[in-house]
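K.L.:
Handing you this structure, nothing more for now.
The numbers here are math on the coordinates, done by the rules we state, and not lab data. None of these values were measured; they are calculated from a predicted model. As a convention, Cβ positions derive from the backbone with ideal geometry for all residues, glycine included, and neighbour counts pool all protein chains shown.
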Amino acid sequence: MAIIEKLHVARFRNLNDQYLEPNKNINLILGSNGQGKTNLIESLYYLGHNRSFKTKNIKDVVPFDEDLVQINAIIDGEKITLNKSKSKSTIVIGNEKIISNSLLSQHLPTQIISPDRGFIVGGTPKLKRSYLDWGVFHNNKEILKTYKSYNKCLKNINAILTSNNQNHLDEWFSQFALLSVEISQARINYIQKLTKMLEERSLKKLESFVDSTKSLEFKLQTGWTKDVDGLNQNEIKQYLQSNKNSFIKTKHLGYGPHRASVDFYLNEKNEGFLSRGEQKKLSIVFWMLQVLVLAKENSAPVVLIDDISSELDQKKINSILDFLTNLNIQIFITDIGNKELPLDPKKTNIYHIKNGIIISV
Ligand SMILES: Nc1ncnc2c1ncn2[C@@H]1O[C@H](COP(=O)(O)OP(=O)(O)O)[C@@H](O)[C@H]1O
Ligand SMILES: [Mg+2]
């Protein structure tokens, strides 16, 4: 269970040397627009991923008059520091320099709910894969090796497809088929886990999001055409071999788990037919299921919710807070402060943020 015990945002956007000793349950950050609420949420996400959910460009997050980003924290008793400039990135956990971002995200898994990142239901396949694989990875850390091998294999295949020599393509296709099945299987297992949790009605507290009389379904599209069984290695291999010429023509492999997606259905109605509001609600249900699955396995993420009342009405805010408080996990919520939030004062720290300065109240 990840708990941020201390946080020092030394340099990040408009945050300069801000120290926080967060509550291990709820942290509410209040402030009007443009003061740094999203920046604080983004800095926490950054610490867990070594990247932003808002921008690919490091220049955007480096404070205007500086040349690097610096965030330090004590998480579950361990010191983590992140220093990053345009040319160099240094991550230290405990006394050890690490080079893999996945180690970082094991120390600080975060589940983020922010309009800047977008909603999973009705979202792009890329966004869907990113949330899905986040869950697959945190449920089964071993799978990372498979993802890495898969990406390497795909890169090799694409390199061969653009070259003049296709001699070794079949061998790579065999490996690709094997790794594809492993990834699709892991994704399906994970979706089954979420579905089971949904069926057990562990989400009673979230009834205002999805009415218990309605059926909610998530279906994996494995990334292959409809006539290929994504769990059948031989079928995949055959498909790849018999379509070799068309891949050579397009110079890349446009099928496979890197093109997978998840389809959402409410009462058998595809997500495309749902209203924006319904898509938002179902997204939150999906994210909360993801949190629940990890919480049950004692590896709950830190939940980050940006601008809570601009996204949700009072009833839904109440039920999501009730749900999360009951799980006893750490959450950071930002808000403009116009709505009354039902928070247990014993479990809550409240902060005000103005011009990037955070004050505990
Ligand atoms: N790289 C940066 N360096 C310094 N300030 C920045 C940087 N990027 C954004 N800001 C400032 O951060 C403020 C916006 O903060 P934000 O967290 O989005 O506000 P809000 O409280 O509305 O969520 C703006 O005043 C903007 O000028
Ligand atoms: Mg904001």
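K.L.:
Please give the direction-averaged projected area of the C-alpha convex hull for the range 266-361, in square nanometres with one decimal.
P.N.:
Taking the Cα atoms of the range 266-361, their convex hull projects to 7.9 nm² on average.
K.L.:
In whole percent, what relative contact order does the range 50-142 give with Cα contacts below 8 Å and a gap of six or more residues?
P.N.:
18
K.L.:
How many nm separate the modelled label positions at Ser202 and Lys244, each set 7 Å beyond the Cα in the direction of the Cβ?
P.N.:
4.7
K.L.:
In degrees between 0 and 90, to the nearest 10, how far off the longest principal axis of the chain does helix 169-199 point, with axes built from Cα atoms?
P.N.:
Approximately 40 degrees, to the nearest ten.
K.L.:
Quick one: go through the range 86-119 and flag any residue whose amide nitrogen is under 17 Å from the point 7 Å out along the Cα-to-Cβ line of Lys141.
P.N.:
Counting only backbone N, you get 92-110.
K.L.:
Continuing with this model, one more query. With viscosity set to 0.692 mPa s and temperature to 37 °C, compute the Stokes-Einstein D of the range 120-297, Rh being the Kirkwood radius across alpha carbon pairs; µm²/s, no decimals. Don't skip to the answer; put the middle values down first.
P.N.:
Numbers: Rh = 17.5 Å.
Estimated via Stokes-Einstein, D reaches 187 µm²/s.
K.L.:
To continue, here is another question. Find out how many positive minus negative residues lie around Lys196, taking Lys and Arg as positive, Asp and Glu as negative, among other residues whose Cβ is under 14 Å from that of Lys196.
P.N.:
Local charge sum for Lys196: -1.
K.L.:
So how far, in whole Å, is the C-alpha centre of the range 289-341 from the one of the range 342-359?
P.N.:
Rounded to whole Å, the Cα centres lie 15 Å apart.
K.L.:
For a label point 7 Å from the Cα of Asp170 along Cα→C-beta, name the residues of the range 228-257 whose backbone N is under 15 Å from it.
P.N.:
From the range 228-257, the list is 237-245.
K.L.:
Under the 0.36 nm per residue contour assumption, what length would be gained going from the current alpha-carbon distance of Leu127 and Lys59 to full extension?
P.N.:
22.2 nm
K.L.:
Between Val361 and Asp227, what length comes free when the chain is fully extended (0.36 nm per residue of separation minus the Cα-Cα distance, one decimal in nm)?
P.N.:
Result: 42.3 nm gained on full extension.
K.L.:
Let me ask something else. Can you order the peptides 97-106, 9-18, 158-167 by their average number of other Cβ atoms within 10 Å per residue, highest first?
P.N.:
Numbers: 97-106: 14.1, 9-18: 20.4, 158-167: 12.0.
Answer by packing, highest mean first, reads 9-18, 97-106, 158-167.
K.L.:
While we're on this one: Taking the Cα atoms only, what angle lies between the long axis of helix 143-162 and the longest principal axis of the chain, rounded to 10 degrees?
P.N.:
Its long axis makes an angle of about 50 degrees.
K.L.:
Enumerate the calculated ³J(HN,Hα) couplings along the range 222-232 in order (Karplus 6.51 cos²θ - 1.76 cosθ + 1.60, θ = phi - 60°), each rounded to whole Hz, writing x wherever the residue is Gly or Pro.
P.N.:
My calculation for the range 222-232 gives 6, x, 9, 5, 4, 8, 10, 7, x, 9, 10 Hz in order.
K.L.:
If R0 is 41 Å, what FRET efficiency do you get for Asn328 and Ser275 from their C-beta distance, rounded to 0.05? Present the calculation step by step, with values, prior to reporting the outcome.
P.N.:
Numbers: r = 33 Å, r/R0 = 0.81.
FRET efficiency, Asn328 to Ser275: 0.75.
K.L.:
Further question on the same structure: Rg and Dmax of the range 70-122 over Cα atoms: what are they, in angstrom?
P.N.:
Here Rg and the maximum Cα pair distance are 13.7, 43 Å.
K.L.:
To test your reading of the geometry: what angle, between 0 and 90 degrees and rounded to tens, separates the Cα axis of helix 233-242 from the longest principal axis of the chain?
P.N.:
60
K.L.:
Tabulate in residue order the Karplus-calculated ³J(HN,Hα) for the range 53-68, using 6.51 cos²θ - 1.76 cosθ + 1.60 with θ = phi - 60°, rounded to whole Hz; enter x for Gly and Pro.
P.N.:
In residue order, the calculated couplings are 9, 10, 8, 8, 9, 4, 4, 5, 9, 5, x, 3, 9, 10, 10, 8 Hz.
K.L.:
Please report Rg (one decimal) and Dmax (integer) in Å for the Cα set of the chain.
P.N.:
21.9, 68
K.L.:
Something else now. Please report the relative contact order for the chain, taking Cα pairs under 8 Å with a sequence separation of at least 6, and give it as a percent rounded to a whole number.
P.N.:
28
K.L.:
Additional query: Take the alpha-carbon centre of the range 138-207, take the same for the range 1-57, and report the distance between them in whole Å.
P.N.:
Here the answer is 32 Å between Cα centres.
K.L.:
Asn83 to Asp116: extension gain in nm, 0.36 nm per residue of separation minus the Cα-Cα distance?
P.N.:
Full extension of this stretch gives 9.5 nm more.
K.L.:
Turning to a different aspect of this structure: When only DSSP loop residues count, what GluC sites (Glu not before Pro) in the range 197-274 have their Cβ near at most 15 other Cβ atoms within 10 Å?
P.N.:
Filter output for the range 197-274: Glu200, Glu207, Glu268.
K.L.:
Take every Cα pair under 8 Å in the range 120-297 that's 6+ residues apart, average their separations, divide by the length, and report that relative contact order as a whole percent.
P.N.:
33
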